[in-house]
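Q: Before we start, here is the structure in question, set down as structure tokens.
The values are calculated or read from the model by the stated rules, or taken from the named source; none is laboratory data. Computed from a prediction, not measured in an experiment: that's the story for all the values here. Note: ideal-geometry Cβ built from the backbone for every residue, glycine included; neighbour counts use all protein chains shown. Just the protein is used for accessible areas: all its heavy atoms, side chains included, with ligands, DNA and RNA removed. Shrake-Rupley method; radii C 1.70, N 1.55, O 1.52, S 1.80 Å.
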Amino acid sequence: MLKHATGWMMTTGFLFIFIFFLAEVTAEVEEVQSLSSALEQHINIEDVTLSSNSAMYDRNGELISDIYRDENRIYLTYEEIPSLIVQAFIATEDQRFFEHNGYDSIAIARAIVSNARQQGIEEGASTVTQQLARNLFLSHDQTYNRKMSEILYARELEKRYTKEEIIELYLNTVYFHNGVYGIEAASTFYFSKPSRELSLAEVAFLSAVPNNPTHYDPLTRSEQTKLRQEWILQKMLEAGYISTEQYEDALAEEIKLQVRQRVDRYPDYVTYIHHELTRLISASDGYEQRLRQAASEEAQEQIRFELEEKVQEVLEQGVRIETALDPLKQEQAVQTVQQELPRSDIESAVVMIDHTKHEIVALTGGKDYKKFNFHRAFQSFRQPGSAIKPLLVYAPYLNEYDIPLQSTINANDVCRGDYCPRNFGGGQYGMVSLETAFKHSFNTPAIRIMDRVGVETAFSYLEQLPFTKIAPEDYRLPAALGGFTYGVSPLELTSAYTTFATGGAFTPSYGIRQVTNKEGKVLYSWEQTETQLWRESTNEQMRRLLAAVLESGTGQRARIEGGYAGGKTGTTNDFYDLWFVGLTDTYTTGVWVGKDTPADLSAIYREAPHLHIWRKLQ
């Protein structure tokens, strides 16, 4: 009896406290300016934004990567949220939602009485608006202090947003366990379909989870979730949202989960697309120009930081990134590298470009590549060896002097000052045709040609190609044989070779086709540019030289039947790097083979793995 009396005394006390508190809150609310100013010191309540998953797609429109950090959320507007879902939450969480101004005084009084009887905080009485305030701005501590804060924030939310906007925000913030936020992501994760396709039974089942996500986890506590689902259906029936027939049908329906794990395929390609997206935003939004004009390294670092924030902001808008990925070519490239390079310490990078569309269709970052690791296709810079000769030596020579391929050149030893390069193996070949010198990759003719053209003139062609690490000290004769300070990446070299497929005009190739918002509006896309490097007649001569390499030169093991095929090999000093870049009627493909820490590859040189990889990909 004493305990019962004590409980009622506490109840009476809490009621008086509540009446006093409610009066004080009402007085405070009337001082709109004061309350608004106080809240705005802590947070700008008008700028409530929620992240939404972005997605990446291949050339066929198939999803290849879900993009989000910590919160798996697919944002829906109020108009996109099925009415049954709204009704399920209103019926169970806040039946007077469309009537109150953020807090429900009747429910609060009822909760105070209940909590006094239990001598603790067992019933919350939080409205949907209060729960939204808690999800956005407050902690989830079970204290009266936090409840008071909820009411203040909820009142302010009600003044600034419509009821529809509040329920929209709420249904996109509620937690459904397993890292899932919002009803659409929950529907996709647990049932592998959008919320508009959910049955009434499935709606009620999902609506059960947020009340206690751990207790009602559909994956581990499905029986508990089912019990609460039945209670939700009963509440919907009582509220008049569903008929008795609908209620009974939903109770009888078997719930079959179809869990959809996060999609994250083709790590080599997806990693590169993230890199290219940063470049695209940088070029489109002026960061690239700002970086060029920055007065100091500190200023550049600040701009890069701002660019990273901008990229993340875009990705949190729920954009659609459409790419040129060809899944078949990508899988083929990955598998071929594994097959041809079984030794674990030897790496490779492959780049495949559809030069008819100027699109990167496949590329590999290394064997057994893991997402966001060091990517050898675009982050590794190596000496190109003789693979640079077509771009830096022969095309400039033919274009400057307009001479026939039958012209001869001295292939004996040569010295220019203290620089005395030799042919591979030390051979002396006398006077040979340009075609012979090219297809057998003799070194001394290349030095003589570049010396005649002039280093500055030869490099004036290379400057118009996408090489980012050409240094002033590279402007010297050894560059004719691939001697650079930093080198080139496989992506840069392959992209440069597409010039031979397009009449001597260079057009950059990209992996991203366009970036759109949910409504399909194009936010970002590359502007196509074209630079004519040399005459079409020069280009035709170069294509004949490249074809001769496969027909009877150093690239014979890469020879294929049918249609055009041409390319150039490259081997650096001490067999550190093996290259082959070649083109067919449709594709320009580059292959690099080497070790991350440069080391002798003479043991596999005669096996020509770079040539076999290239041939198998065509």
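Q: At a temperature of 4 °C and a viscosity of 1.567 mPa s, determine how fast region 378-486 diffuses translationally according to Stokes-Einstein, using the Kirkwood radius over alpha-carbon pairs as Rh; express D in µm²/s, rounded to the nearest whole number.
A: Here the translational diffusion coefficient equals 91 µm²/s.
Q: In degrees between 0 and 90, to the nearest 10, how far off the longest principal axis of the chain does helix 297-315 point, with axes built from Cα atoms?
A: Relative to the chain, helix 297-315 is tipped by roughly 60 degrees.
Q: Taking just the alpha carbons, could you work out the radius of gyration and Dmax for region 441-502, both in angstroms?
A: Considering region 441-502 through its Cα atoms, Rg and Dmax are 11.8, 31 Å.
Q: Within straight cross-link reach of Lys389, meaning Cα distance under 21 Å, which lysines are found once same-chain residues fewer than 8 apart are removed?
A: Lys439, Lys469, Lys568
Q: For Leu328 and Ala505 in one chain, what is 0.36 nm times their gap in residues minus the Cα-Cα distance, to one decimal in nm?
A: Taking 0.36 nm per residue and subtracting the Cα distance, the gain is 60.9 nm.
Q: Here's another thing I want to ask about it. If I histogram all Cα-Cα distances within region 193-314 using bins 5 Å wide from 0, what percent of pairs lands in each bin?
A: Cα pair-distance distribution for region 193-314, in percent: 2, 9, 14, 12, 9, 6, 6, 7, 8, 9, 8, 5, 3, 1, 0.
Q: Report relative contact order for region 161-248 in percent, whole number only (criteria: Cα-Cα under 8 Å, sequence separation at least 6).
A: Relative contact order, region 161-248: 19 percent.
Q: Anything over 26 Å Cα to Cα? Flag those among Lys193/Lys357; Lys367/Lys616; Lys371/Lys521; Lys329/Lys370; Lys310/Lys518; Lys329/Lys518, in the order listed.
A: Pairs exceeding 26 Å: Lys193/Lys357; Lys371/Lys521; Lys329/Lys518.
Q: Right, here's the next one. Over region 351-416, one equal point on each Cα, no solvent: what is log10 I(q)/I(0) by the Debye formula at q = 0.15, 0.22, 0.23 Å⁻¹?
A: -0.78, -1.08, -1.13
Q: Under unit Cβ charges (Lys, Arg +1; Asp, Glu -1), what dipole magnitude, rounded to 20 debye, does region 178-323 have relative to its Cα centre?
A: So the dipole magnitude of region 178-323 works out to roughly 160 debye.
Q: For the ranges 208-216, 562-570, 408-416, what's the packing order if you count other beta-carbon atoms within 10 Å of each residue, average per peptide, and put the highest first?
A: Packing order, densest peptide first, comes out as 562-570, 208-216, 408-416.
Q: Within the P(r) computed for region 163-255, what percentage of the Cα pairs occupies the region above 15 Å?
A: When all Cα pairs of region 163-255 are counted, 59 percent exceed 15 Å.
Q: Among Ala283, Thr444, Ile321, flag the residue with its Cα farthest along the positive direction of the charge dipole of the chain, charges on Cβ as +1 for Lys/Arg and -1 for Asp/Glu.
A: About the Cα centre, the residue reaching furthest to the positive side is Thr444.
Q: Further, regarding this structure: Could you please report the charge total around Asp217, scoring K, R as +1 and D, E as -1 over all other residues with beta-carbon less than 14 angstrom from its beta-carbon?
A: +2
Q: Now for a different question. Once neighbouring chains are kept in place and the probe is 1.4 Å, which whole percent of the accessible area of the chain is contributed by carbon and sulfur?
A: In the chain, the share of accessible area belonging to carbon and sulfur is 47 percent.
Q: Which of Thr499, Leu523, Ala479 sits closest to the plus end of the dipole of region 455-605, meaning its Cα is farthest towards the positive end, when Lys and Arg get +1 and Asp and Glu get -1 on the C-beta?
A: Leu523
Q: Okay, next question. Taking the Cα centre of each part, how many Å lie between region 591-618 and region 176-193?
A: Spelled out, the Cα-based centre of one part sits 46 Å from the other.
Q: Which cross-chain or sequence-distant (5 or more) residues have an amide H under 5 Å from the amide H of Phe506, H modelled 1.01 Å from N in plane?
A: Amide H to amide H, under 5 Å and 5 or more residues apart or across chains, Phe506 pairs with Thr531, Gln532, Leu533.
Q: Which lysines does Lys159 reach when only Cα atoms under 25 Å apart count, and residues fewer than 8 places away in its own chain are ignored?
A: Those lysines meeting the cut-off are Lys147.
Q: Based on the mean of other Cβ atoms within 10 Å per residue, sort peptides 428-441, 331-344 so the most packed one is first.
A: 428-441, 331-344
Q: Could you work out the local net charge near Tyr170, counting Lys and Arg as +1, Asp and Glu as -1, over the other residues with Cβ closer than 10 Å to its Cβ?
A: -4
Q: Which of the GluC sites (Glu not before Pro) found in region 442-502 are loop residues per DSSP with 14 or fewer other Cβ atoms within 10 Å of their Cβ?
A: Passing sites in region 442-502 are Glu463.
Q: How many angstrom separate the Cα center of region 472-519 from the Cα center of region 330-383?
A: Computed from Cα coordinates, the inter-centre distance equals 16 Å.
Q: So what is the 222 nm mean residue ellipticity for the chain from helices alone, if each DSSP H run of at least 4 adds -39500 (n - 2.57) and you divide by all residues, rounding to the nearest 500 deg cm²/dmol?
A: -13500 deg cm²/dmol
Q: Where the eigenvalues come from the Cα gyration tensor of region 304-399, what are the semi-axes √(5λ) of the equivalent ellipsoid, largest first, in whole Å?
A: Over the Cα atoms of region 304-399, the semi-axes work out to 28, 22, 16 Å.
Q: Between Gln379 and Glu248, what is the spin-label point distance in nm, taking each point 7 Å from the Cα along the Cα→C-beta axis?
A: Output for this residue pair reads 6.3 nm.
Q: Given a 1.4 angstrom probe, what's the average accessible area per residue across region 515-599, in square angstrom?
A: Value for region 515-599: 46 Å² per residue.
Q: Let me ask you something else. Take the Cα atoms of the chain, build their convex hull, and give its volume per residue in Å³.
A: 203 Å³
Q: Using the Kirkwood radius over C-alpha pairs as Rh, can you work out the diffusion coefficient of region 471-618 via Stokes-Einstein at 4 °C, viscosity 1.567 mPa s, in µm² per second?
A: This corresponds to a translational diffusion coefficient of 75 µm²/s.
Q: Could you bin all the Cα-Cα distances of region 378-417 into 5 Å bins starting at 0 and give me the percent of pairs in each, rounded to whole numbers?
A: Here the calculated profile for region 378-417 is 5, 15, 16, 23, 21, 9, 6, 4.
Q: Here's something else I'd like to know. Over region 489-535, with a single point scatterer placed on each C-alpha, what log10 of the ratio I(q)/I(0) does the Debye formula yield at q = 0.13, 0.23 1/Å?
A: Log10 of I(q)/I(0), two decimals: -0.41, -0.82.
Q: On average, how much area does the Cα convex hull of region 559-618 cover when viewed from any direction, in nm²?
A: Seen from a random direction, the Cα hull of region 559-618 projects 4.1 nm² on average.
Q: What's the ranking of 474-483, 149-158 by average number of surrounding C-beta atoms within 10 Å, highest first?
A: 149-158, 474-483
Q: If you don't mind, another one. How many times 2.2 N^0.38 Å is the alpha carbon radius of gyration of region 254-364?
A: 1.43
Q: Only four residue types carry charge here, +1 at the Cβ of Lys and Arg and -1 at the Cβ of Asp and Glu. Report the dipole size of the chain about the Cα centre in Debye, rounded to the nearest 20.
A: For the chain, the charge dipole is close to 2040 debye.
Q: Nearest 0.05, what FRET efficiency do Glu288 and Thr356 give at R0 = 22 Å with Cβ-Cβ as r?
A: The pair Glu288/Thr356 has a calculated efficiency of 0.20.
Q: Using a Förster radius of 51 Å, what is the FRET efficiency between Asn412 and Glu308 based on their Cβ-Cβ separation? Nearest 0.05, please.
A: It comes out at approximately 0.40.
Q: Just need the relative contact order of region 223-348 here, percent rounded to a whole number, with Cα pairs under 8 Å and 6+ apart.
A: Relative CO of region 223-348 lands at 16 percent.
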